[in-house]
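The values are calculated or read from the model by the stated rules, or taken from the named source; none is laboratory data. If you're wondering where the values come from, they're calculated on a predicted model, not measured in any experiment. Every residue, glycine among them, receives a Cβ derived from its backbone with ideal geometry; neighbour counts consider all protein chains shown. When the accessible area is computed, the model is the full protein with side chains, heavy atoms only, and any ligands, DNA or RNA have been set aside. Shrake-Rupley method; radii C 1.70, N 1.55, O 1.52, S 1.80 Å.
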Amino acid sequence: MDYRIIPPEGWLEATATLPWSKSVAARQLVINSLAGVTPEAGYGMCDDTVAMADALLALNTASGHVTLNIDGAGTAMRFLTAVAAATPGADVTLTGNDRMLSRPIGPLVDALRSLGADIIYEGADGFPPLHVSGRRLAGGEVDIDATVSSQFVSALMMIAPAMERGLKITLRGEAVSMPYARLTACIMNQAGAETDIYGGDTVEIKPGKYHAAEYHEEADWSSAAPWYSIAALSGGEVTVTSLDGDSQQPDRRLADIFHLIGVNTEFLPDGSALLSAHPDADARIDLDMSPTPDAVPAVAVTCAMLGIPFSLSGTDTLRIKECDRAEALATELRKVGVEISFPSPGTMTWDGRRRPVTELPRFATYGDHRMAMALAPVALYVPGIVIEHPEVVSKSYPDFWKGLAEAGFMIIDADAPMPEGEEADD
């Protein structure tokens, strides 16, 4: 069932509860698995975390060949490729949905093969599905193309302590999303590893052993993005529970980004954060989004609705996410009169001009959770928008629609008539 979204009347004052960080959970699951702790089936609060936990459980308990279908969980595909390659005796086929089979994994496979891993492409070279025969890897030194995904670097980092000589990783090209590699290093160090990231292009991990660590169920900063957008577009306040201002998650940067767009962040003594609109948004936004690419949809949509021209660089990786997010954003924002341009690779801009809109937008979500959550707040400006396939949010934030309803939004069947008095203006 597609959803029609009607915003609350009057001034918005809401409280939102975020899911656990799937970035943190994925790394903790892998590291604890490498420390000999088998995860529980179904662990986690979203599809991606469950996929990672279930796949690690299957890998740890398999007595022969096992096929791991991780559907659309990109993090699981990258991390499990490395874990399986470094697990002696593992005999694994890694596969996923159609979109996953078109997402590149070649740089990681090349790096692992150079370290002695036995990995065979079962389809097109450079892409899943993969057949992995695990063995102990000696380690040493490896180069990797870091321009595609920081998850390739994180995958190598996490298996490095088990290598006889540890591992020195040299990053080739302009590394993307490096704050995620630093998050990986932080979680590894908490579990007993010795890591060092220096010079901006070198990561070194000493040989050693992990110790099992308690899971730190940290709220997901990435999932705060739609609530920042809601605060900005409503002119109201959202209290987000358990949002850690000292978090190592890269999307902690949302607080700084949205301050430019018109939202203050106040971290409260009880561990929550108050997001409140302020009137001093910048007249134009120029940002390098390479450290935080997952925030791009929310930033672009919010700026577009507020009429703030923008230039967002460092968006190269958007084209290999759950969908081509760059093209998807351009297509969907066109439905609200906004024409995004791509003046150069990895840069998206809007000049602030808007053309008239003659029909109520019906937004496609492209099987992408970030698209659904970024577009939902448009209802604050255009009541009655429709979000197609809203169930895609289960990938990272299954209770998102419940949270919107608790914030006062009306969420109804898209095929039902608009409630009386709620028709959008042309």
Given the options Tyr215, Tyr180, Tyr228, name the one that is modelled with pLDDT under 95, of a type in the set (Ser, Thr, Tyr) and outside any loop (DSSP other than H, G, I, E, B). Tyr180
Could you tell me whether Leu254 is farther than 27 Å from Trp401 by Cβ and part of a helix (DSSP H, G or I)? no
State which residue is modelled with the lowest pLDDT when the search covers only the range 348-362 and only residues that are in contact with a helix residue (DSSP H, G or I) (Cβ under 9 Å, 6 or more places away or on another chain) and in a strand (DSSP E or B). Arg354
What pairs can you find where one residue is in the range 268-291 and within 29 Å of Leu318 (Cα to Cα), the other is of a type in the set (Lys, Arg) and open to solvent by less than 70 Å² (accessible area, probe 1.4 Å), and their Cβ atoms are less than 8 Å apart, with a gap of 6+ or different chains? Pro291/Arg253
For the range 93-151, give me each residue that is touching a Pro at 6+ places or on another chain (Cβ under 9 Å), in a loop (DSSP other than H, G, I, E, B) and over 21 Å from Gly346 (Cβ atoms). Gly96, Glu122, Gly123, Phe127, Gly134, Arg135, Arg136, Gly139
Do the conditions hold for Val392, that is, is it outside any strand (DSSP E or B) and in contact with a His (Cβ under 8 Å, 6 or more places away or on another chain)? yes
Based on what the data block shows, is Ala213 buried (at least 24 other Cβ atoms within 10 Å of the Cβ) and of a type in the set (Gly, Ala, Ser)? no
Only one of (1) modelled with pLDDT of 95 or more; (2) open to solvent by less than 30 Å² (accessible area, probe 1.4 Å); (3) of a type in the set (S, T, N, Q); (4) touching a helix residue (DSSP H, G or I) at 6+ places or on another chain (Cβ under 7 Å) is not met by Ser311, so which one is it? (4)
Residue count, the range 69-80 (criterion: of a type in the set (S, T, N, Q) and buried (at least 23 other Cβ atoms within 10 Å of the Cβ)): 1
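Let me confirm something: among Ala175, Ala155, which residue is modelled with pLDDT of 95 or more, hydrophobic (A, V, I, L, M, F, W, C) and surrounded by 15 or more Cβ atoms within 10 Å (Cβ to Cβ)? Spell out the reasoning first.
Values: Ala175 fails: modelled with pLDDT of 95 or more.
Only one candidate passes the filter, namely Ala155.
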Do the conditions hold for Leu56, that is, is it outside any helix (DSSP H, G or I), open to solvent by less than 50 Å² (accessible area, probe 1.4 Å) and either closer than 20 Å to Ala162 by Cβ or at pLDDT 95 or above (or both)? no
Please go through the range 319-347 and give me each residue that is out of contact with any Pro (no Cβ under 9 Å at 6 or more places or on another chain), buried (at least 17 other Cβ atoms within 10 Å of the Cβ) and assigned to a helix (DSSP H, G or I), ordered by number. Ala326, Ala330, Leu333
As an exercise: evaluate Val386 against (1) assigned to a strand (DSSP E or B); (2) more than 17 Å from Met410 (Cα to Cα) and give the number of the one condition it does not meet. (2)
Of (1) open to solvent by less than 30 Å² (accessible area, probe 1.4 Å); (2) in contact with a helix residue (DSSP H, G or I) (Cβ under 7 Å, 6 or more places away or on another chain), Pro291 satisfies all except one. Which? (1)
Please work out which residue is farthest from Ser223 (Cα to Cα), limiting yourself to the range 1-53 and to residues that are in a helix (DSSP H, G or I), charged (D, E, K, R) and open to solvent by less than 40 Å² (accessible area, probe 1.4 Å). Arg27
Just for the range 191-243: of the residues that are under 30 Å from Glu40 (Cβ atoms) and polar (S, T, N, Q), which one is nearest to the chain's Cα centre (by Cα)? Ser222
Counting only residues in the range 363-383 that are within 25 Å of the chain's Cα centre (by Cα) and part of a loop (DSSP other than H, G, I, E, B), the one surrounded by the most Cβ atoms within 10 Å (Cβ to Cβ) is identified as Thr365
Across the range 246-288, the tally of residues that are within 21 Å of the chain's Cα centre (by Cα), at pLDDT below 95 and surrounded by fewer than 14 Cβ atoms within 10 Å (Cβ to Cβ) stands at 1
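Would you confirm whether or not the range 85-101 contains a residue that is closer than 18 Å to Thr147 by Cβ, of a type in the set (D, E, K, R) and in contact (Cβ under 8 Å) with a residue 60 or more places away in the chain?
no
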